[in-house]
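The values are calculated or read from the model by the stated rules, or taken from the named source; none is laboratory data. Small disclaimer: the values here were computed from a predicted structure and weren't measured. Positions of Cβ are generated from backbone atoms using ideal geometry, with glycine treated the same way; all protein chains shown enter the neighbour counts.
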Amino acid sequence: MPGNSFFRYSLGVVVTVLIAILVLVWFGITSKSHIKHVEEHWTVDSKLAAESAYTVSRIHKSFGYGGFIHNFKNFVLRQDNSRIAIIDQNLAETYEAIEQYQSLAISGNERAAITQFREVVDLYASKYALAKRLVGQGANFDEIDKQVRVDDLPALQALGYLSEATLSYNRTVANEVEQDISQALAFFDWGWLLIPLFVSVGGVVIAMLLRLTQSNVALLNAKQYVDDVIKAAPDALIVVNKSGEILSANIEAQSLFGYSHDEFTGLKLELLLPERFRKQHHGYLKHAFELGKSQPISARKELVALTKQGEEVPVEISLSYTLQNGEVQSIAAIRNVSARKLTERSLRLARKVLDEASEGILITDSETNIIDVNSAFCQLTGYEHDELLGQRPSMLSSGRHDKAFYQQMWHHLNVEGHWKGEIWDRRKDGQLIPNLVSMSRVADEDGRVSHYVAIFSDITQIKEKEQRLEQLAHFDQLTGLANRMLFHDRLRAALHRAHRHDNYCAVLYIDLDGFKQVNDSFGHEVGDNVLIKVANKITQVIREDDTAARLGGDEFVIIFNELHDCKEAEVLAARLLEELNFEVNAGEESLPISASIGIALYPDHGDSVERLMRCADQAMYYCKHHGKNSYRCFSKEITTLAETDMKV
């Protein structure tokens, strides 16, 4: 009996111990299985989620605004070759990020999205290569933009879907890990019934819990990383449910609309729209959720948002969708385009001012290639707008200015930053035009020359007035010959030149014979015509370097330069006598005209204007008193006779 009892107790102890051991083993194995499952689940999924989020963020950075697209469009707009290196780097990083994303364990839809995105990138790469060729060929902006324009919509849709998939996957991983942890913790509650067993395996459990804690920290870090990415997004992001209630908003949205995070939660989306847009918003919201696919809302619709303070702000909106806990949610990316609108208005105003300016305006780049002109400049030069683009202003050169003139102009412009002066240019039809030009140098933020701006004013009328005034001041209005004042100036210059070159110059004093009778008999109109005819004949005889003038009435005077003796002057005087010997007809009556010419030679007969003129005048009067229609060179004999005549 006792043996049987011992046996029974021993058997009970053994069974109890075995049961305890089995329970402990089972509990340990099961606990370890739970923890390992949580660890593996988190390690694999969180790593994929983090890599996916990082890769998508990298794609946004290298390709989106601020990356390849931004730099590529600026390259096309400005044709700045210094951007090529950064564009190549952006493109290489984009392809590297795409390859990295494709290497991840992604779904079929994600693979299709990344393939769709790569197709757009490939198209951009080919357009970029084309743009470089066109820039190298000197094509203008409109031509390049037309050939390299790419539809961004497929790429934006693909990126939106990838961002949405990454965000959704992160939430799914977090929820699943949280459920696994909850199940593990619920199982551990049974440990209170097995405290003696848990003591023996406590060390293992603690170690596993430490590892679980580390995994949980990694999960929180990954979640924080995703939150930071969303916070750092340059656009306002708002998550909305099917009822139009706002579920969450990032910091950029809070800054744009002026609502706090708590104020945003539960707020109706329609309250972010002006009153006039709210009625049509209900139908659009319903249609958008029925459509259920990513879509941009074009800025051409002039969408306007309403801030908490009641201020209306122009915006662009893109929509994407995600599924959260079985509920379809829309993620609205909202961009404030106020600055861009202001810039566009400023550019339109500047363009309008440029086009409506009455002065011609020319703008070049730092290499003096013409990049823009206004319509007034086209009218001024006769060239079309497109004919001037890409050319240099030197195409308008008239040839009237020498190299030193332009060197001085550019030196002053680059040193002082501006230059103003008169330039003769040549129109497309070959006509020369005088312009008053004001040029300025334009520097960028680094102080380097970026552009040159020139304003052209046609001063043709001013020049014509100056010529008319000069004509009135220095020329005889009837004959067009030099007047007394201009003649004296040129005679003084002729004396200086003759003295410098050690040669002669002659003054011929001409008085018409018979002019008074013509004037009295036929009238002043006929007399004026005779004077004009005489002036023309004199002009035909004298050389280009000589000067003819009318002193008044029928008195003319000529300067002959670079003579060797008086005989040369007499030869010229003889030709003049032949030309000035003619008849004046008025009806059936005619009267003869001839000339008496006196000659004075520098330096033989005088070394001053007054002395030469007096000697030539005396020689002319000698001819008048000795038969007229002749010439005579001054001599002492003429002086003696003149004094005798004066005494008589």
Out of the residues in segment 71-99 that are over 26 Å from Arg111 (Cα atoms) and of a type in the set (D, E, K, R), which is surrounded by the fewest Cβ atoms within 10 Å (Cβ to Cβ)? Asp80
Please find, within segment 474-502, the residue that is nearest to Leu531 (Cα to Cα) out of those that are among the aliphatic types (A, V, I, L, M) and buried (at least 16 other Cβ atoms within 10 Å of the Cβ). Leu481
Filter segment 560-606 down to residues that are in a loop (DSSP other than H, G, I, E, B) and of a type in the set (D, E, K, R), then give me how many there are. 3
Lone qualifier among Ala333, Ala350, Ala305, Ala288 - being within 22 Å of Glu252 (Cβ to Cβ) and modelled with pLDDT under 75: Ala288
In segment 100-119, how many are out of contact with any Leu (no Cβ under 7 Å at 6 or more places or on another chain) and surrounded by 12 or more Cβ atoms within 10 Å (Cβ to Cβ)? 10
Does Asp545 qualify as being of a type outside the set (Gly, Ala, Ser) and more than 60 Å from the chain's Cα centre (by Cα)? no
Sole exception among (1) of a type in the set (A, V, I, L, M, F, W, C); (2) touching a strand residue (DSSP E or B) at 6+ places or on another chain (Cβ under 7 Å); (3) within 23 Å of Asp355 (Cβ to Cβ) for Met395, by number: (2)
Report, by residue number, each residue of segment 628-648 that is modelled with pLDDT under 85 and not in a helix (DSSP H, G or I). Val648
A careful count of residues in segment 504-516 that are exposed (fewer than 14 other Cβ atoms within 10 Å of the Cβ) and in contact (Cβ under 8 Å) with a residue 40 or more places away in the chain gives 0
Looking only at segment 373-426, filter to residues that are charged (D, E, K, R) and in a helix (DSSP H, G or I); which one of those is surrounded by the most Cβ atoms within 10 Å (Cβ to Cβ)? Glu387
Here the residues within segment 519-558 that are in contact with a strand residue (DSSP E or B) (Cβ under 9 Å, 6 or more places away or on another chain) and in a strand (DSSP E or B) are Thr547, Ala548, Ala549, Arg550, Leu551, Glu555, Phe556, Val557, Ile558
Selection within segment 102-158 - among the β-branched types (Val, Ile, Thr) and under 16 Å from Lys73 (Cα atoms): Val120, Val121, Val135, Ile144, Val148, Val150
Considering only segment 230-270, state which residues are aromatic (Phe, Trp, Tyr) and more than 36 Å from the chain's Cα centre (by Cα). Tyr259, Phe264
Test Arg490 against the stated conditions and say whether it is basic (Lys, Arg), in contact (Cβ under 8 Å) with a residue 40 or more places away in the chain and not in a helix (DSSP H, G or I). no
Can you tell me which of (1) at pLDDT 90 or above; (2) surrounded by 13 or more Cβ atoms within 10 Å (Cβ to Cβ) is the one Glu578 doesn't meet? (2)
Of the numbered conditions (1) surrounded by fewer than 17 Cβ atoms within 10 Å (Cβ to Cβ); (2) within 21 Å of Arg500 (Cβ to Cβ); (3) at pLDDT 90 or above, Arg543 fails exactly one; give the number of that condition. (3)
Considering segment 210-255 alone, what residues qualify as being out of contact with any Phe, Trp or Tyr (no Cβ under 8 Å at 6 or more places or on another chain), outside any helix (DSSP H, G or I) and at pLDDT 70 or above? Asp235, Leu237, Val239, Val240, Asn241, Ser243, Gly244, Glu245, Leu247, Asn250
Looking at segment 120-141 only, could you name the residues that are surrounded by 13 or more Cβ atoms within 10 Å (Cβ to Cβ) and not aliphatic (A, V, I, L, M)? Tyr124, Lys127, Tyr128, Lys132, Asn140, Phe141
